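Some notes on the structure that comes next.
The values are calculated or read from the model by the stated rules, or taken from the named source; none is laboratory data. Predicted model only: the values in this text are computed from it and were never measured. Positions of Cβ are generated from backbone atoms using ideal geometry, with glycine treated the same way; all protein chains shown enter the neighbour counts. To get the accessible areas, we keep the full protein, side chains included, count just its heavy atoms, and leave off ligands, DNA and RNA. Shrake-Rupley method; radii C 1.70, N 1.55, O 1.52, S 1.80 Å.
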Amino acid sequence: LFLATLTYDTLRFEYEDFPETKEPVWILGRKYSVFTEKEEILLDVTSRLWFTYRKNFPAIGGTGPTSDTGWGCMLRCGQMIFAQALVCRHLGRDWRWIKGKRQMDNYFNVLNAFIDKKDSYYTIHQIAQMGVGEGKSIGQWYGPNTVAQVLKKLATFDTWSSLAVHIAMDNTVVMEEIRRLCQSNVPCAGAAACPALESDVLYNGCPEDVGLRERLALWKPLVLLIPLRLGLTEINEAYIETLKHCFMMPQSLGVIGGKPNSAHYFIGYVGEELIYLDPHTTQPAVEPSESGCLPDESFHCQHPPCRMSIAELDPSIAVGFFCNTEADFNDWCQQIKKLSLVRGALPMFELVERQPSHFSNPDVLNLTPDSSDADRLERFFDSEDEDFEILSL
């Protein structure tokens, strides 16, 4: 327990630097060389939003826990993968955080969506309370699928980001379903600030210099989460090449998963090792200063990231992708199809044009899976939490 309360400053010297290797380092769709781009690698890692256990935040539900130490690691990993989607949506994949440099307003808007207070979009308070509807009591450990389902529900309230969130069940991604979800005619956020078009249809935050025809071809930015079980008790080696390829795609949001007792946010790999951000550090909750400015240094991991052998990964994971435009999604589909041709790589999921007839008919506006989905879900993921011992506070 003592270790859990150390800050990352105390732990700084225990982290190994990157190995000197000719193998490329892949971080969320970007390829780096350790020999010539070590600073760029570390800057990319540091720029990801890092969410850890916190203590002394307002009580969840008014009377619940004021810290998530020991139980909130998968919730924090869910926040990290979703924060990466919001960074791509509002700041772009090339955006970098530089210590001490004044950041743009959109950065603070993204960060504020995750701060530990009850009314932020994706705060631990909202995730824990929304999880009650998924059968999880506050303070109970989540699996990767549960946190994905909860984040999907919370995203419907985030009109600023105006995301289409799709969770692909049964190891199957149905393209038609996603297109229908992303092309639903919902006005974008900031509608009042955008000049109305002839049909009053608005496009993703109304970028400048976009032709009328393109603005009318509505595509809500897609967050695609795919919960998977890649083996019974340990990961099947046949999936490892495919998993690596997921980190090579420009649409990659990374992977949430981990080992029993500890969830991690995996952002890349080098050789046979996964690179991840670890939420198992307890930091004090952050409050905005009197000037309204948010001290943000504790939300960026400023030491070399952790690494672990891919073979140690727990088989229950969720893989994430972000497609800002329809062209991004089409490109992602092409890459997944090519992956099926890679020798020695077993596909982790299937990509199909239409819903197979044995599936229940999906309703994209229905926020909860219907009963047959829920039953399948339960059968598929009923063991995902049993392997995880809840650490006592």
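Here are a few things to note about the model shown:
- Filter pass, residue 136 being part of a loop (DSSP other than H, G, I, E, B) and in contact with a Ser or Thr (Cβ under 9 Å, 6 or more places away or on another chain): yes
- Once the range 38-60 is narrowed to residues that are among the basic types (Lys, Arg) and open to solvent by 10 Å² or more (accessible area, probe 1.4 Å), the residue that is modelled with the lowest pLDDT is 38.
- Residue check for residue 150: aliphatic (A, V, I, L, M), surrounded by 21 or more Cβ atoms within 10 Å (Cβ to Cβ), more than 17 Å from residue 325 (Cβ to Cβ) and at pLDDT 95 or above: yes
- Boolean, residue 240 is outside any helix (DSSP H, G or I), of a type outside the set (Lys, Arg) and either under 30 Å from residue 107 (Cα atoms) or at pLDDT 90 or above (or both): no
- Test result for residue 346, touching a residue at least 12 places away in the same chain (Cβ under 8 Å) and either open to solvent by 10 Å² or more (accessible area, probe 1.4 Å) or β-branched (Val, Ile, Thr) (or both): yes
- Leading residue by the ranking (nearest to the chain's Cα centre (by Cα)) among those in the range 41-94 that are on the phi > 0 side of the Ramachandran plot and part of a helix (DSSP H, G or I): 61
Residue-wise test of (1) among the aliphatic types (A, V, I, L, M); (2) exposed (fewer than 15 other Cβ atoms within 10 Å of the Cβ); (3) at positive phi; (4) in a loop (DSSP other than H, G, I, E, B).
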| residue | (1), (2), (3), (4) |
| --- | --- |
| 263 | yes, no, no, no |
| 276 | no, no, no, no |
| 280 | no, no, no, yes |
| 283 | no, no, no, no |
| 288 | no, yes, no, yes |
| 302 | no, no, no, yes |
| 307 | no, no, no, no |
| 321 | no, no, no, no |
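- Odd one out for residue 311 among (1) open to solvent by less than 10 Å² (accessible area, probe 1.4 Å); (2) out of contact with any Leu (no Cβ under 8 Å at 6 or more places or on another chain): (1)
- Among the residues of the range 219-230, just one is farther than 16 Å from residue 256 by Cα and open to solvent by 10 Å² or more (accessible area, probe 1.4 Å), namely 220.
- Given (1) at pLDDT below 90; (2) touching a Phe, Trp or Tyr at 6+ places or on another chain (Cβ under 9 Å); (3) open to solvent by 50 Å² or more (accessible area, probe 1.4 Å), number of the condition residue 157 does not satisfy: (1)
- The range 204-237 - residue that is part of a loop (DSSP other than H, G, I, E, B) and in contact with a Cys (Cβ under 6 Å, 6 or more places away or on another chain) and, of those, modelled with the highest pLDDT: 220
- Single unsatisfied condition, residue 35 versus (1) surrounded by fewer than 18 Cβ atoms within 10 Å (Cβ to Cβ); (2) touching a strand residue (DSSP E or B) at 6+ places or on another chain (Cβ under 7 Å): (2)
- Of 63, 7, all but one fail to be over 24 Å from residue 152 (Cα atoms), at pLDDT below 95 and in contact with a strand residue (DSSP E or B) (Cβ under 7 Å, 6 or more places away or on another chain); the exception is 7.
- The set of residues in the range 95-138 being hydrophobic (A, V, I, L, M, F, W, C), free of Cβ contacts under 8 Å to residues at least 60 places away in the same chain and either farther than 21 Å from residue 28 by Cβ or surrounded by 14 or more Cβ atoms within 10 Å (Cβ to Cβ) (or both) consists of 95, 113, 127, 130, 132.
- Test for residue 142: is it within 16 Å of the chain's Cα centre (by Cα) and modelled with pLDDT under 95: yes
- Pairs where the first residue, in the range 303-321, is closer than 22 Å to residue 351 by Cβ and in contact (Cβ under 8 Å) with a residue 24 or more places away in the chain and the second is crowded, with 18+ Cβ neighbours inside 10 Å and polar (S, T, N, Q), C-beta under 8 Å, 6+ apart: 316/145; 318/145; 320/84; 320/252; 321/251; 321/252
- Residue 22 being modelled with pLDDT of 95 or more, farther than 23 Å from residue 262 by Cα and either in a helix (DSSP H, G or I) or not polar (S, T, N, Q) (or both): no
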